[in-house]
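Asks: Shown below is the structure under consideration.
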Amino acid sequence: MNPDGERLREESRNATEEAILDAARDALADTEYRRLTMDVIAKRAFVSRTALYFYFPNKRALVDRLISRAFLDMYEAASPYLDGSGDPRAELRRGLARTVRIIDRDGHVLTLAAMLSGEEDRLPPQWLPYVVRFVAAATDRIARDQARGIAPSDIPPRLAAQALLAMVERHVTLELIQGGGDAHQSIRVLAELWWRAVYSKPAEPLPADDD
């Protein structure tokens, strides 16, 4: 759901549209956005100008659609944990590994979109519906595991989901997309930090809030 309560549209996968998007993504990896033309994209996708403009009126519309596809693919990649009901530790590792592969594929597009939106220090507001979807799904998974008795119930699920997703997003942005860090090590550490935060039982109860 987006912030207005509307269901996010699941993008249909059309072969021609996918070919155009793949060509645009690959072109953006080796061509500056300002220098990239719709003609170049059409040639790399092996489609006519008419076909290209049928799907996308301009380059910005193409980038917006690439972002939409990236988030939908990341959500699907994270499904072993978000939609799972088995061992959360193993499902976290698998879901994060799959998600990082999508980010590795589309990192340059995500960086470009942030720059075009003028929001280099934080997520662009257009991404909010997708972030909300991730938070809702992670909240539901944590709540399910608390109800199963495999996660302590002393931390609110939504607060935990928001904090942990912010941690993952910030690390991936700074260390993997911008810093070119070791993805394998990041996946292992992030998954373990998430698991310990949600599933390990504290040695003693959390202190009560001060009045």
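The values are calculated or read from the model by the stated rules, or taken from the named source; none is laboratory data. The shown structure was predicted, so the numbers you read here are calculated from the model rather than taken from an experiment. Here the Cβ is made from the backbone with ideal geometry for all residues, glycine too, and neighbour counts use every protein chain on show. Side chains included, ligands, DNA and RNA excluded: accessible areas come from the protein's heavy atoms. Shrake-Rupley method; radii C 1.70, N 1.55, O 1.52, S 1.80 Å.
Asks: Return the long-range amide H neighbours of G181 (sequence gap of 5 or more, or a different chain), with a cut-off of under 5 Å between placed amide H atoms.
Replies: Hits under the 5 Å cutoff: L176.
Asks: In Å, what Kirkwood hydrodynamic radius results for region 79-173 from the alpha-carbon pair distances?
Replies: Result for region 79-173, one decimal place: 14.5 Å.
Asks: Under the rule of at least 5 residues apart or a separate chain, name every residue whose amide H is placed under 5 Å from the amide H of I155.
Replies: none
Asks: Now a separate question. Please give the length that would be gained between T37 and A136 if that part of the chain were fully extended, namely 0.36 nm times their separation in residues minus their C-alpha to C-alpha distance (nm, one decimal).
Replies: Value of the extension gain: 31.8 nm.
Asks: Quick one: 3J(HN,Hα) in Hz for region 137-146, Karplus 6.51/-1.76/1.60 with θ = phi - 60°, rounded, Gly and Pro as x.
Replies: Once rounded to whole Hz, the list reads 5, 5, 4, 4, 5, 4, 5, 4, 6, 5.
Asks: R0 = 35 Å: FRET efficiency of A147 with L116, Cβ-based, nearest 0.05?
Replies: Efficiency computed from Cβ-Cβ geometry: 0.25.
Asks: Ignoring ligands, DNA and RNA, what percent of the 1.4 Å accessible area of the chain is carbon and sulfur?
Replies: 53 percent
Asks: For the residue pair A29 and S200, what label-to-label distance in nm results when each label sits 7 Å from Cα along the Cα-to-beta-carbon direction?
Replies: 3.7 nm
Asks: When ligands, DNA and RNA are left out and all protein chains stay put, how many square angstrom of accessible area per residue does the chain have with a 1.4 Å probe?
Replies: Result: 58 Å² of accessible area for each residue.
Asks: Starting from the Cα gyration tensor of region 153-192, take the square roots of the eigenvalues, sort them a ≥ b ≥ c, and report rounded, prolate or oblate (rounded when a/c is under 1.5, otherwise prolate if a/b is larger than b/c, else oblate).
Replies: Because a/c hits 1.5 or more and a/b fails to exceed b/c, region 153-192 counts as oblate.
Asks: May I pose another question? Find which of S85, A29, W194 sits farthest along the positive direction of the dipole of the chain, computed with +1 on the beta-carbon of Lys and Arg, -1 on that of Asp and Glu, about the Cα centre.
Replies: So the residue we want is A29.
Asks: Can you compute 3J(HN,Hα) from phi for each residue in region 48-65, using the Karplus curve 6.51 cos²θ - 1.76 cosθ + 1.60 with θ = phi - 60°, rounded to whole Hz and x for Gly and Pro?
Replies: Rounded to whole hertz, the list is 7, 4, 4, 5, 4, 6, 5, 8, 9, x, 6, 5, 5, 4, 5, 5, 4, 6.
Asks: What size of dipole, in debye to the nearest 20, comes out for the chain about its Cα centre when the only charges are +1 on Lys and Arg C-beta atoms and -1 on Asp and Glu C-beta atoms?
Replies: Dipole of the chain, to the nearest 20 debye: 720 debye.
Asks: What is the gain in length, in nm to one decimal, between R158 and D182 on full extension, counting 0.36 nm per residue of separation less the C-alpha to C-alpha distance?
Replies: Length difference between fully extended and current span is 5.7 nm.
Asks: Mean projection of the alpha-carbon convex hull of the chain over all orientations, in nm²?
Replies: 14.3 nm²
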